[in-house]
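Laboratory data are not the source of any read-out in this text; all were calculated from the coordinates shown. Keep in mind the model is a prediction, meaning the values are calculated, not measured. Here the Cβ positions follow ideal geometry from the backbone for every residue, glycine too, while neighbour counts run over all protein chains shown.
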Amino acid sequence: MTITVRLFATLREGRGKELELEANNEATPRDLAARLGIDVKDVAILLVNGRDGRLDDALADGDRVSVFPPVGGG
């Protein structure tokens, strides 16, 4: 199945803004993060098809996963 992954802010560095990944039928956002070398501690917001998602949610063909890191400032 094909999953579109959108990365934001520092997570884009060395990975790009949007990726299409082939994944097995049991893939989760946690699996995709590991495949992209993203530590789950660096995931602050996770959306699946524009809705709040969880790292261990099962994904389906055509899903869009958006991953945001923690944001700091001051």
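Each DSSP beta bridge with both residues in the chain is either parallel or antiparallel, and the antiparallel ones are about 75%.
Taking a ≥ b ≥ c as the square roots of the eigenvalues of the alpha carbon gyration tensor, the chain is prolate, as a/c is not under 1.5 and a/b beats b/c. Using a simple spin-label model with pseudo-atoms 7 Å out from Cα toward Cβ, Arg15 and Ile45 lie 1.6 nm apart.
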